[in-house]
Amino acid sequence: MRPYVNIGTVMHVVEQQIVDKIRSLSDEEQADVLRYVEHVLKRHGRPATLGERLMQIVADVPEEVWDRVPSDGSEQHDHYIYGTRKR
């Protein structure tokens, strides 16, 4: 009979070991670790949520483009999409 191993307890111990090691690093080294983990998650992690993907797209839009976006776009969407008269 195999001995019972609580995987949750094992994972907690591993997580704590990782945190302890990261805390011993300099701020710059911690930033490097964070970038590496984010890179790994993008390659192998869960797919980005719709909100995360939208935030990535929005972050890449230059400020001068946002300056041209109409402030009443949601209220006057028919005008901007179909060319109807504004209400």
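Laboratory data are not the source of any read-out in this text; all were calculated from the coordinates shown. Everything quoted here is computed from the prediction, not taken from an experiment. Note that we place each Cβ from the backbone using ideal geometry, even for glycine, and neighbour counts take in every protein chain shown.
Considering only residues that are more than 27 Å from the chain's Cα centre (by Cα) and charged (D, E, K, R), which ones fall in the stretch 40-87? Those that are more than 27 Å from the chain's Cα centre (by Cα) and charged (D, E, K, R): ASP72, GLU75, ASP78, ARG85, LYS86, ARG87. Within the stretch 7-34, the set of residues being among the charged types (D, E, K, R) and either surrounded by 10 or more Cβ atoms within 10 Å (Cβ to Cβ) or in contact with a Cys (Cβ under 6 Å, 6 or more places away or on another chain) (or both) comprises GLU15, LYS21, GLU29, ASP32.
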